[in-house]
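Enquirer: I have a structure here, written as structure tokens, and I will follow up with some questions on it.
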């Protein structure tokens with residue numbers, strides 16, 4: 001810690017969290033560094049309003065569990081996204097219903113704002129929603145952490161507490177599923193246009 005002060009560099013997340021055990025106000029550095037990234041990830045998953053609540057809950061849980069953080073880690077971002085993802089699991093049924101409704105009704109929702117279609121090469125939110133609804137929840141988590149939170153395979157593995165190989169296989173299966181579903185949709189549309 002002294003070397004950090006002498007060189008003028010900011011303390012790592014691990015050292016900030018370690019200091020927050022004795023001085024809780026030190027945790028504000030974690031909030032300041034990572035709130036926007038956590039909120040952005042959550043907004044893409046569930047919309048801005050719910051993201052406000054879930055991002056706040058994420059930092060509340062993180063503060064309460066800060067003693068469990070591995071202080072030798074340089075960044076708390078994957079840990080925070082792990083907490084956020086776990087909180088999202090409480091909303092899994094709502095998310096699933098939303099995806100199914102968007103697919104059925106063809107309404108564009110905030111969930112599919114800029115970036116979602118580009119992540120898998122789709123242009124129709126309804127088709128994308130249907131394909132995403134068909135993903136296994138674990139595959140969907142990996143895909144969203146990769147595409148929307150821009151995490152590396154290693155960071156996703158840390159976030160979800162799974163091996164890197166599991167991340168690779170889940171992402172591969174998610175991509176294959178989306179390619180297949182969206183190709184089928186394109187073929188169906190092409191046949192209808194040929195009539």
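The values are calculated or read from the model by the stated rules, or taken from the named source; none is laboratory data. A quick note: this is a predicted structure, and the numbers were derived from the prediction, not measured. Glycine also receives a Cβ, built like all others from the backbone with ideal geometry; neighbour counts cover every protein chain displayed.
Enquirer: Restricted to the stretch 149-182, and to residues that are part of a helix (DSSP H, G or I) and in contact (Cβ under 8 Å) with a residue 60 or more places away in the chain, which residue is surrounded by the fewest Cβ atoms within 10 Å (Cβ to Cβ)?
Expert: Result: 182.
Enquirer: I want to confirm something. Restricting to the stretch 34-74 and keeping residues that are surrounded by 15 or more Cβ atoms within 10 Å (Cβ to Cβ) and not in a helix (DSSP H, G or I), which single residue is farthest from the chain's Cα centre (by Cα)?
Expert: 71
Enquirer: Somewhere in the stretch 110-120, is a residue at pLDDT below 80, farther than 22 Å from residue 58 by Cβ and outside any helix (DSSP H, G or I)?
Expert: Yes, some residue in the stretch 110-120 is at pLDDT below 80, farther than 22 Å from residue 58 by Cβ and outside any helix (DSSP H, G or I).
Enquirer: A further question follows. Does residue 142 meet the test of being buried (at least 21 other Cβ atoms within 10 Å of the Cβ) and either closer than 17 Å to residue 85 by Cα or in contact with a helix residue (DSSP H, G or I) (Cβ under 7 Å, 6 or more places away or on another chain) (or both)?
Expert: When the stated conditions are applied, residue 142 passes them.
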